[in-house]
Amino acid sequence: MEPLKTPYYIIYEERLRRNLDLITRVSRESGARIIMAFKANALWRTFPIFREYGIASTASSLNEMRLALDELHQRAHTYCPVYTPDAIDEFIAGSSHITFNSVEQFHRYHDRIVAHNESHPASPVSCGLRINPMCSVIETDIYNPCCPGSRFGVVAEQLADIPEGLDGFHFHALCESTSHDLQKVLEAVETQFGHFLPRLKWLNMGGGHLMTHKDYDVEHLIQLLRDFKRRHPNLELILEPGSAFCWQTGDLEASVVDVVSNSGINTAIVDVSFACHMPDCLEMPYKPRITQALPDVDTSRPTYRMGGNSCLSGDFVGDWSFDHELQVGEHITFEDMNHYTTVKTNMFNGIQHPALVLQHCDGSIEVLREFTYADYKSRMS
């Protein structure tokens, strides 16, 4: 097989299965149900792998819910910040759980769910309410659902009682966090909302549990969940991590197409865009690892910014040092570009989207999708 032409995202099946093995072990040993968040991974051509492990999903839009039905063959655990009258009936038909962001939204649509459950007893919908324990363990506010003024969930002083027909609570307070962060949040939940828990059937602990990170204390998580279940045996515990499923499972392969200098700064322009293909690098911001670069910046060695190929002035990230001067045509590997990255991509500037490639466990390569002008044109009116 000829070498693949850059740019392309490559996903490694072996790494996916490694993560899925760990996640299913945590679920088995803790007793908690762990489902996947589509907001971090929607590459449905890889979903046959996830189906082998019986993975269900959470959805935050009609399209995500439809994808759960079509490609995971399971109804979704649905949460949206707001539901609209023209969409709620489809959400009800395709969801096993629906979490409301406010008590008002619950009251607005609860009768429709009751009517559905009476007419479809084999596929009932369970109602939940998002709560906000206001326990901030995330430093970057753009990813912090518990920051002051958050629009997410009901805070304790707003909830005098839980309405009839409510089965569960949902909270989301983590982002690529540790089990010790979860412990802090659970303490806040029990302190503020603990008197309601005996009246509920389930507790959804949201996402952000980065249990597949090499430094994550998996055994602590398992014990933490066991202990919580022991205190609240009536509750089914649910976790819905995003990054954990696809952490370190894929890269973005690119090539240097030019090297330019200005004001003493050398920029290697690559055939991908941070703005289009790695937006979290600018949004967070963060600097990804490059396989071919030195581990640390060493200005005594050839050092470069990486510049994207869009016309956005800020489409660059830096700096990286190399053991040689970069040349046009050199291969650059941006590591860990599967979770969230592939979901957040866009076609700003009409820049061609990287292909999607899967490397199977036997080493064979499957090109899942290549993009064309028609993909860009079809998104415009």
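Residues in region 341-381 that are over 16 Å from I11 (Cβ atoms), surrounded by 12 or more Cβ atoms within 10 Å (Cβ to Cβ) and of a type in the set (A, V, I, L, M): M347, I351.
Filtering region 95-105 to residues that are under 16 Å from I35 (Cα atoms) and surrounded by fewer than 19 Cβ atoms within 10 Å (Cβ to Cβ) leaves only S96. It is to be established whether one or more residues within region 84-99 are closer than 27 Å to P279 by Cβ and in contact with a helix residue (DSSP H, G or I) (Cβ under 8 Å, 6 or more places away or on another chain). Yes, some residue in region 84-99 is closer than 27 Å to P279 by Cβ and in contact with a helix residue (DSSP H, G or I) (Cβ under 8 Å, 6 or more places away or on another chain).
Filtered by the rule that a residue be touching a residue at least 40 places away in the same chain (Cβ under 8 Å), in a loop (DSSP other than H, G, I, E, B), within 28 Å of the chain's Cα centre (by Cα) and on the phi < 0 side of the Ramachandran plot, region 302-341 gives N309, S310, D315, E335, M337, N338, H339. Between V125, V137, V103, the distinction of being among the β-branched types (V, I, T), at pLDDT below 95 and touching a strand residue (DSSP E or B) at 6+ places or on another chain (Cβ under 7 Å) belongs to V137 only.
Among the residues of this structure, L16 counts as one that is under 17 Å from the mean Cα position of the chain (by Cα), under 17 Å from S364 (Cβ atoms) and not polar (S, T, N, Q). Of all positions in region 250-267, at least one carries a residue that is buried (at least 18 other Cβ atoms within 10 Å of the Cβ), farther than 23 Å from R18 by Cβ and among the hydrophobic types (A, V, I, L, M, F, W, C).
Within region 52-71, the presence of a residue that is assigned by TED's automatic domain parsing to the domain that holds D161, among the aromatic types (F, W, Y) and not in a loop (DSSP other than H, G, I, E, B) is excluded.
Scan region 219-245 for residues that are farther than 22 Å from A59 by Cβ and out of contact with any Lys or Arg (no Cβ under 8 Å at 6 or more places or on another chain) and the total you get is 15. Restricting attention to region 12-50 and to residues that are of a type in the set (S, T, N, Q) and in a helix (DSSP H, G or I), the residue that is farthest from D70 (Cα to Cα) turns out to be S30.
The values are calculated or read from the model by the stated rules, or taken from the named source; none is laboratory data. If you're wondering where the values come from, they're calculated on a predicted model, not measured in any experiment. Neighbour counts run over all protein chains shown; Cβ positions are idealised from the backbone, glycine included.
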